[in-house]
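The structure appears below as structure tokens.
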Amino acid sequence: MADQYAQTGEDKRPTGIPVIRWEEPPEGPVVVLLDQTRLPSEEVELVCTDASALVEAIRSLAVRGAPVLGIAGAYGVALAAARGFDVDEAAVALSGARPTAVNLSVGVRRAAAAYRSALVKGGDGGAAAAAALDAARTLHREDAEASARMARHGLALLDELLPGGGHRILTHCNTGSLVSGGEGTAFAVALRAHRAGRLRRLWVDETRPLLQGARLTAYEAARSGMAYTLLTDNAAGSLFAAGEVDAVLIGADRIAADGSVANKVGSYPLAVLARYHHVPFIVVAPVTTVDPATPDGAAIEVEQRPGYEVTEVTAPQVPVAGAGGGIPVAPLGTQAYNPAFDVTPPELVTAIVTEEGAVSPVTAEALAELCARSRQV
Ligand code: MRU
């Protein structure tokens, strides 16, 4: 069936999309973001002159996806420091902008620790701000490196699990260059498979309600020239039933110590489908997404988003009308259940692929060992 959807991306622009950068114009330092709420129709940059603008950009999903949230958080601290704002206050605001992706607070903590440590060593405000910026740049670079290593490990695992090649991969949400200093997490694996001539098709879940799959993953797939097909989230079941999915590859926002995986809502149903149909369900995430301080899935805070994201079509290119700025698709006053993420238990996860290698089966012991190994390097 896959070959009947023979569309291949036509857009041949470079696949590495710069999503975040630090700039120092004469008016003072800024963090420049590619505004992801405007994609794919417009490539518009958002210039943040202070940490509170960055907090708003994080809340509105102008910048989103776990690894780049960590990078944004670190640059936010550096920005507060460089502009002479209260760094502790900025750190609290940035960390609390979204609760589920642990990378955000990890990035904030790293830059804030570098800032404080420079002060403790006797540096002045300028030296401390430079230390925070250095920490943010290091995190940015490390994420790009981690991304390349995840892609390598992930494709090796796919080739091992599916020796025939010609992988048909289903993915959910968006996990490519837009979420990373490099080429992403799960998407980077698919991209590597594509470049190696071993990707037959990328099935892209549209990812309701904010369409990260349709707007962002399809955009990245088109730019990379890979064969991809978009589907509504609830078409995935029939695709599995037709035997059209060889593996599921997703990212993660937080992985608890027991291996429970929080990711974009709709990931857990895919894991259940994958298990029923004997298809590998693979999570690709940097080690910074593993949170030893969160013991299990029940302890993961799942962000609840406003109901209007469900009761209205809020895609930015749609003319505005409803309370949330979109076109109402439900009767006025309809209550909506709108968790941004769900949690997949470890027993449904075939493997977690990180830059340090893959963990399979997913156990608390194996994850703890992986984190310990990563801290040593
Ligand atoms: O709400 P979003 O768009 O920030 O959600 C992002 C996801 O769920 C991604 O799958 C996750 O951050 C992993 S990205 C490597």
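Worth a mention:
A quick yes/no check of all residues on (1) modelled with pLDDT of 95 or more; (2) hydrophobic (A, V, I, L, M, F, W, C):
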position: 315; (1), (2): no, yes
position: 333; (1), (2): no, no
position: 360; (1), (2): yes, no
position: 373; (1), (2): no, no
position: 376; (1), (2): no, no
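- Near pairs, Cβ below 6 angstrom, 6+ apart or cross-chain, from segment 40-59 (modelled with pLDDT under 95) to any residue that is in a loop (DSSP other than H, G, I, E, B): 41/317; 44/35
- If the condition is being without any contact (Cβ under 8 Å) to a residue 12 or more places away in the chain and not charged (D, E, K, R), then segment 97-137 contributes 119, 120, 122, 123, 126, 127.
- Meets criteria (free of Cβ contacts under 8 Å to residues at least 60 places away in the same chain and out of contact with any His (no Cβ under 6 Å at 6 or more places or on another chain)) for residue 263: no
- Note on segment 17-37: among residues that are more than 17 Å from the chain's Cα centre (by Cα) and touching a residue at least 40 places away in the same chain (Cβ under 8 Å), the one that is nearest to residue 181 (Cα to Cα) is 22.
- Any hit, segment 170-184, residues being touching a strand residue (DSSP E or B) at 6+ places or on another chain (Cβ under 7 Å) and either assigned to a strand (DSSP E or B) or away from the ligand (no atom under 11 Å from the Cβ) (or both): yes
- Which listed residue is under 29 Å from residue 310 (Cα atoms), out of contact with any Lys or Arg (no Cβ under 6 Å at 6 or more places or on another chain) and among the small types (Gly, Ala, Ser), from 241, 257: 241
- Yes/no for residue 185 being surrounded by 23 or more Cβ atoms within 10 Å (Cβ to Cβ), β-branched (Val, Ile, Thr) and under 30 Å from residue 57 (Cα atoms): yes
- Selected residue [surrounded by 17 or more Cβ atoms within 10 Å (Cβ to Cβ) and more than 25 Å from residue 263 (Cβ to Cβ)] from 139, 104, 133: 133
- Filter pass, residue 112 being of a type outside the set (D, E, K, R), under 14 Å from the mean Cα position of the chain (by Cα) and at pLDDT 95 or above: no
- Check on residue 309, modelled with pLDDT under 95 and within 13 Å of the ligand (Cβ to nearest atom): yes
- Conditions (1) modelled with pLDDT of 95 or more; (2) touching a strand residue (DSSP E or B) at 6+ places or on another chain (Cβ under 6 Å): number failed by residue 8: (1)
The values are calculated or read from the model by the stated rules, or taken from the named source; none is laboratory data. As the structure is a computational prediction, the values presented were derived from the model and not from experiment. Because the Cβ atoms are built from the backbone with ideal geometry, glycine has one as well, and the counts that use them run over all protein chains shown.
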